[in-house]
Amino acid sequence: ARLMKPRAYEAMKNPRLVFVCAALLLGVGCKSVGPGTIARDRFNYSGALAESWKNQMLLNLVKTRYLDLPIYLDVGQIVSGYTLETGVTIFGQASPQSMRGDTFGGLGASGTFTDRPTITYTPLTGERFLVGFLTPVNPAKVMSVVQSGYPADFILQLTVDSLNGLRNRPVAPGSKHKADPEFFRLLALLREIQDAGAVGMRVEQPTNGEPAAVLFFRGERTSPEVEAKLSEARRLLGVAEGESAFRLVQSPLRGGPGELGIATRSLIQVMSSLALGVKVPPQHLERKLTPPIPDVPPDEPVLLRIHSGSEKPADAFVTVPYEGQWFWIANDDWTSKRTFSSILFLFTLADAGGAHTMPTITIPAQ
């Protein structure tokens with residue numbers, strides 16, 4: 001039986017046509033895979049890293065509220081290997097009409113695509129954990145963040161335990177100590193003075209010892225309204241009316257003449273403070289899974305609100321399960337989102353012990 005039409009039979013007798021068809025098929029198989037993966041992988045991996053970091057941070061905040069052990073895993077390296085193999089087969093037989101035999105032809109193609117990602121995780125333990133999480137943040141670094149444009153009231157409430165003797169809200173659950181009302185009034189004044197451009201910081205290089213960070217108030221070219229706020233801020237800080245420059249020192253007490261005592265928090269304390277914003281489900285309170293804490297006074301600003309419920313919310317900024325319940329940050333709560341997003345920056349600011357690089361992504365494509 002004849003399996004090919006006369007036109008196909010004539011094509012089989014033309015070696016040049018067969019060669020061109022084979023070359024076109026092989027050219028498709030030789031196309032490079034690597035460049036096309038860059039845009040996709042860079043977006044997908046960066047999005048996955050950001051989402052996993054958010055989930056890990058929220059889970060550790062919830063675990064801190066429950067007095068559970070927070071665990072941090074850093075993504076050390078990502079190696080994703082792509083392999084693309086293609087093959088083309090051409091076969092056929094042409095029998096002259098004067099001889100017996102069938103005339104047939106065919107083309108075959110095969111392909112294999114393999115993706116083998118390898119991701120390494122490094123637990124944060126040992127000296128790096130102790131240095132990065134238990135050491136208070138340098139006061140000069142805190143004030144440099146304020147100098148860079150971050151709101152003074154937000155940064156200081158988050159990272160400072162006391163400011164020249166004025167105490168912030170305690171971070172320990174169940175503590176009977178209360179914040180000094182003057183502390184939050186001082187933060188509000190510093191925020192308004194910052195908006196007016198009347199506060200700054202400089203680093204002085206002494207002849208002996210380490211460089212000293214100096215906070216100063218600008219008295220020139222200020223309106224009477226700003227002058228009144230500067231005067232009230234000096235009174236709350238307990239400094240002389242004429243003083244305008246203060247050397248920053250790490251101290252929970254009021255500094256001496258020309259000094260500003262700042263007791264900064266460690267990252268563990270920052271986490272404990274923010275964990276107070278976790279809303280514990282009633283059934284967990286009945287089981288006494290968490291220590292009781294007093295309600296936040298209405299005049300104290302709340303930096304972070306973490307909601308809870310038995311059902312996973314449809315629209316949330318970040319959501320994690322824990323102890324049979326869901327915990328999340330609302331997507332329309334921009335104050336909580338700002339606070340939560342600032343934690344990663346504080347982790348970098350604390351310089352968690354030695355050199356630390358961001359994850360390395362290696363993608364060999366064949």
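The values are calculated or read from the model by the stated rules, or taken from the named source; none is laboratory data. None of the values given here were measured: they were computed from a predicted structure. Please note: Cβ atoms are built from the backbone with ideal geometry, for glycine as well, and neighbour counts cover all protein chains shown. Surface areas here come from the heavy atoms of the whole protein model, side chains and all, with no ligands, DNA or RNA. Shrake-Rupley method; radii C 1.70, N 1.55, O 1.52, S 1.80 Å.
Can you list residues from other chains, or at least 5 along the same chain, whose modelled amide H is less than 5 Å from the amide H of residue 278?
Hits under the 5 Å cutoff: 306.
Provide the FRET efficiency to the nearest 0.05 for the residue 141-residue 289 pair, computing r from the beta carbons and using R0 = 30 Å. Please report the intermediate quantities before stating the final value.
Numbers: r = 36 Å, r/R0 = 1.19.
That gives a FRET efficiency of 0.25.
Calculate, for segment 189-339, the solvent-accessible area per residue in square angstrom, rolling a 1.4 angstrom probe over the heavy atoms of the protein chains. The partial results should precede the final answer.
Values: 8240 Å² over 151 residues.
Each residue of segment 189-339 exposes 55 Å² on average to a 1.4 Å probe.
Would you pull out the residues with amide H under 5 Å of residue 264's amide H, same chain only if 5 or more places away, H placed 1.01 Å from N?
The answer is 161, 251.
I'd like the FRET efficiency for residue 279 and residue 48, computed as 1/(1 + (r/R0)^6) with the beta carbon distance as r and R0 of 35 Å, rounded to 0.05. It would help to have the intermediate numbers written out before the result.
Working: r = 28 Å, r/R0 = 0.81.
Efficiency computed from Cβ-Cβ geometry: 0.80.
Given 176/337; 54/337; 229/337, which pairs have Cα atoms separated by over 19 Å? It would help to have the intermediate numbers written out before the result.
Details: 176/337 29 Å; 54/337 11 Å; 229/337 30 Å.
Long pairs (Cα-Cα over 19 Å): 176/337; 229/337.
For residue 199, enumerate residues with amide H under 5 Å from its amide H, sequence gap 5+ or separate chain, H modeled in the peptide plane.
Result for residue 199 returns 218.
List, in order, the whole-Hz ³J(HN,Hα) value for each residue of segment 144-157 obtained from phi through the Karplus relation with A = 6.51, B = -1.76, C = 1.60 and θ = phi - 60°; use x for Gly and Pro.
5, 5, 5, 5, 6, x, 5, x, 5, 5, 5, 5, 5, 5
Provide the gained length on full extension for the span residue 310 to residue 68, in nm with one decimal, where the gain is 0.36 nm per separating residue minus the Cα-Cα distance.
Working: separation 242, 0.36 × 242 = 87.12 nm, distance 2.02 nm.
Gain on extension, residue 310 to residue 68, equals 85.1 nm.
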